[in-house]
1. Among residues belonging to the stretch 8-20 that are under 21 Å from ARG43 (Cβ atoms) and not acidic (Asp, Glu), point out the one that is surrounded by the most Cβ atoms within 10 Å (Cβ to Cβ).
2. Note down all Cβ pairs under 9 Å where the first residue falls in the stretch 66-81 and is under 14 Å from LEU26 (Cα atoms) and of a type in the set (Val, Ile, Thr), the second is in a loop (DSSP other than H, G, I, E, B) and at pLDDT 95 or above, and they're at least six residues apart or on different chains.
3. Please state which of the following conditions SER111 fails to meet, knowing it meets all the rest: (1) free of Cβ contacts under 8 Å to residues at least 60 places away in the same chain; (2) buried (at least 20 other Cβ atoms within 10 Å of the Cβ); (3) over 24 Å from PHE210 (Cα atoms).
4. Are any residues in the stretch 44-70 among the small types (Gly, Ala, Ser), closer than 21 Å to HIS162 by Cβ and out of contact with any strand residue (DSSP E or B) (no Cβ under 8 Å at 6 or more places or on another chain), and if so, which ones?
5. Among the residues of the stretch 4-21, is any part of a helix (DSSP H, G or I) and either under 20 Å from ASP161 (Cβ atoms) or among the β-branched types (Val, Ile, Thr) (or both)?
6. Output the qualifying pairs, or none if there are none: Cβ atoms under 6 angstrom, residues six or more apart or on different chains, first residue in the stretch 38-64 and more than 21 Å from ALA235 (Cβ to Cβ), second residue of a type in the set (A, V, I, L, M, F, W, C) and assigned to a helix (DSSP H, G or I).
7. Does any residue of the stretch 56-77 turn out to be over 20 Å from THR171 (Cα atoms), in contact with a Gly (Cβ under 9 Å, 6 or more places away or on another chain) and assigned to a loop (DSSP other than H, G, I, E, B)?
8. Hey, could you check the stretch 172-220 for residues that are outside any helix (DSSP H, G or I), aliphatic (A, V, I, L, M) and more than 22 Å from the chain's Cα centre (by Cα) and say which is surrounded by the fewest Cβ atoms within 10 Å (Cβ to Cβ)?
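The values are calculated or read from the model by the stated rules, or taken from the named source; none is laboratory data. Not measured: the values here are computed from a predicted model. Backbone-built Cβ (ideal geometry, glycine too); neighbour counts: all protein chains shown.
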Amino acid sequence: MTLVPTLKQRLSAPSHLVDLSRLPELQGIAQEDGVLRIGAATRHAAVAQSDTVRRCLPALSGLAGLIGDQQVRNRGTMGGSVANSDPAADYPAAVLALKATLITDRRRIESDAFFLGMFETALEPTEILTAIEFRVPDRAAYVKHRHAASGYAVVGVFIADHRGEVRVAVTGAGPCAFRWTAAEERLAACASAGWNAGTLAGMEPDASGFNADATATRAYRAHLVGVLAGRALSALGATDPQVN
């Protein structure tokens, strides 16, 4: 779903194109021992509609259902989105918050080492992403502010609680998805008292390196991160910890 726009904008001019979408090694959704494994060529619509994903990780299923529009969800793949590291893609936030492991044709890469910058990841030029393994948390929630035309995340915040270890991941705001560690530290400090929508009230990340465009300024994106994090916490509190 990224190739055609980049070709039109002359940002890419490959001499050959190879379709990997039908390789069985890149397909499938399975859950075992607290890990949800999804093949890199699995389409967004399949993730959104999967009974397995809905049962063990409904926040990820909900995220997939918010990507773009129906046409994009029917054609785009999880691996294609993650490997592209688009600043406004949804999945990268889930990859970081859910302590994912990226499986390639030659190695395993931990999520914190994967996203390096705008359209830049730890993948080597000839390396192929084959699957992603997500750790199933006690509970999780994803909230985003959608771009009105594209459906991309102007800002998206994914919060996951892994037995008291909380991860807060942000997409749409900076050059690539990142963990908001200051928010994680605040939540860890307040864990004994419990969380609510106001736990992160007044907090905003440093906006100096954020994206700025016709849709939103850096300051507006920083404000959105704080607002959406509060909404994600509200959704987290409404989620049954025994389910997700």
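1. Filtering first and then ranking leaves LEU20.
2. THR77/ALA40; THR77/ALA41; THR77/THR42
3. All conditions are met except number (3).
4. First, pick out the residues of the stretch 44-70 that are among the small types (Gly, Ala, Ser): 45-46, 48, 50, 59, 61-62, 64-65, 68.
If we keep only those that are closer than 21 Å to HIS162 by Cβ as well, we get 59, 61-62, 64.
Within the stretch 44-70, SER61, ALA64 meet the criteria.
5. For the stretch 4-21, residues part of a helix (DSSP H, G or I) and either under 20 Å from ASP161 (Cβ atoms) or among the β-branched types (Val, Ile, Thr) (or both): present.
6. Listed by first residue and then by second, the contacts come to ILE38/MET78; GLY39/LEU26; ALA40/LEU26; ALA41/LEU26; THR42/MET78.
7. Within the stretch 56-77 (the criterion being over 20 Å from THR171 (Cα atoms), in contact with a Gly (Cβ under 9 Å, 6 or more places away or on another chain) and assigned to a loop (DSSP other than H, G, I, E, B)), the answer is no, since none of the residues qualifies.
8. ALA214
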